[in-house]
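Written below as structure tokens is the structure these notes are about.
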Amino acid sequence: MSDVHDLVVAGSGVAGLSAAVYAARADLDPLVLEGDEPGGQLTLTTDVENYLGFPDGVGGMELIQRGRDQAERFGAEFRHGSIEAADLDGRPMELSLSTGETLRTRALVVATGASARWVGADGEDELMGYGLSTCATCDGAFHRGDDVLVVGGGDSAMEEALFLAKFADSVTVLHRRADLRASEIMAERAREHDDIEFAWNTELVAIHGSTEEGVTGATVVSHPDGHPAETYEAGGDVTMDELDVGGVFYAIGHEPNTEFFRDTAVELDDSGYVQTAGGGDAWATTETAVDGVFAAGDVMDPDYQQAVTAAGTGSMAALDAETWLEAAPLDSAQPAVPVPSEADD
């Protein structure tokens, strides 16, 4: 029988590392699961200029490594792997990992994040973080004076475009249809902005540039009936254009990494984000619907999704977990099996 951990932290991005630091300082000996993408989305950002305490900015990878070093200094243990299935009914809880291992834990902090949807354009793998971004708030200021593209047609895309218009010379929104999914008020704000243009029935198929130069251009296709990439891939006739741009921003949504929660009592919203307790005050606590399970960072935050807010909720989750563990019955560290009574003897 494997050992029972007091606390497992799932995820090694900013939220998970913050939780690990606080939990380790509280002598909870947290075990941190690094996940399939150790460090999370911040590792895709070359420079972070809006994180408190770094007036000259800091590399995304460096910030993550500093956080890991800090957590390890206080005693956190790191292990490769991600959760594939979770049995949260018994005590202790059992977590089945991608490595084939099964962990047993009294408490769990879930900080598995949310993965931005990508377009699938040529060059995006190489240029993500080098002029291609999924976060205008994070990277918009690097594009002062540039012409940039925003891919998407919902409220997120309108918000990204409006934010980028503060810095860029021009913002062009690429949308694969002729009408937006965004709310009318957000669409109107973007349409009325002098520096925002729309390319209807248009999709991105390639991004050009290098890690040294950043993004230098893009190839787009358009078709009057919409969804031109499908027509292009099928060999149909489309109009192809080469655009001279210095940045590309994806704003087509995120997928919270919560698949392993689907068959558990943890409550998820329609998009898959973990629902935390607190009624109308969404962040009154990081507690979930399951005792001993807490959530932090982008996995429970569809709105802000910033490094600093992730760090904040990570510390909250560790503090909530510490309080819960102190009050939890001592036998919460034992397997959930019935105890025979004298009548059963």
Within the group GLY90, GLY145, which residue is surrounded by fewer than 16 Cβ atoms within 10 Å (Cβ to Cβ), assigned to a loop (DSSP other than H, G, I, E, B), not hydroxyl-bearing (Ser, Thr, Tyr) and not assigned by TED's automatic domain parsing to the domain that holds ALA24? GLY145
Out of (1) under 24 Å from the mean Cα position of the chain (by Cα); (2) surrounded by 22 or more Cβ atoms within 10 Å (Cβ to Cβ), the one TRP118 does not meet is (2)
Could you tell me which residue of the stretch 146-201 is nearest to the chain's Cα centre (by Cα), considering only residues that are of a type in the set (Ser, Thr, Tyr) and more than 22 Å from HIS254 (Cβ to Cβ)? THR172
When residues of the stretch 60-80 are limited to those that are among the small types (Gly, Ala, Ser) and under 18 Å from the mean Cα position of the chain (by Cα), the one modelled with the highest pLDDT: GLY67
Select from the stretch 148-166 the residues that are of a type outside the set (Val, Ile, Thr), touching a Phe, Trp or Tyr at 6+ places or on another chain (Cβ under 8 Å) and not in a helix (DSSP H, G or I) and list them in ascending order. LEU149, GLY152
Of all residues in the stretch 101-130, which are within 16 Å of VAL150 (Cα to Cα) and in contact with a Ser or Thr (Cβ under 6 Å, 6 or more places away or on another chain)? ALA116, GLY129, TYR130
For the stretch 94-111, name all the residues that are over 22 Å from SER315 (Cβ atoms) and assigned to a strand (DSSP E or B). GLU94, LEU95, SER96, LEU97, THR102, LEU103, ARG104
Subset of the stretch 2-29 (residues that are over 14 Å from ILE64 (Cα atoms), in contact (Cβ under 8 Å) with a residue 60 or more places away in the chain and assigned to a loop (DSSP other than H, G, I, E, B)): SER2, ASP3, ALA26, LEU28
Take ASP36 and decide whether it is within 14 Å of the chain's Cα centre (by Cα) and part of a loop (DSSP other than H, G, I, E, B). yes
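Here's the yes/no breakdown for (1) surrounded by fewer than 24 Cβ atoms within 10 Å (Cβ to Cβ); (2) touching a residue at least 40 places away in the same chain (Cβ under 8 Å); (3) in contact with a Lys or Arg (Cβ under 8 Å, 6 or more places away or on another chain); (4) in the same structural domain as THR286 (by TED's automatic domain parsing):
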| residue | (1), (2), (3), (4) |
| --- | --- |
| HIS80 | yes, yes, no, yes |
| GLU84 | yes, yes, no, yes |
| THR102 | yes, yes, no, yes |
| SER133 | no, yes, no, no |
| ALA141 | yes, yes, no, no |
| GLY153 | yes, no, yes, no |
| PHE163 | yes, no, no, no |
| PHE167 | yes, no, yes, no |
| THR172 | yes, yes, no, no |
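The values are calculated or read from the model by the stated rules, or taken from the named source; none is laboratory data. The model shown is predicted, which means the values in this text are computed figures rather than measured ones. Cβ: placed from backbone, ideal geometry, glycine included. Neighbour counts: every protein chain shown.
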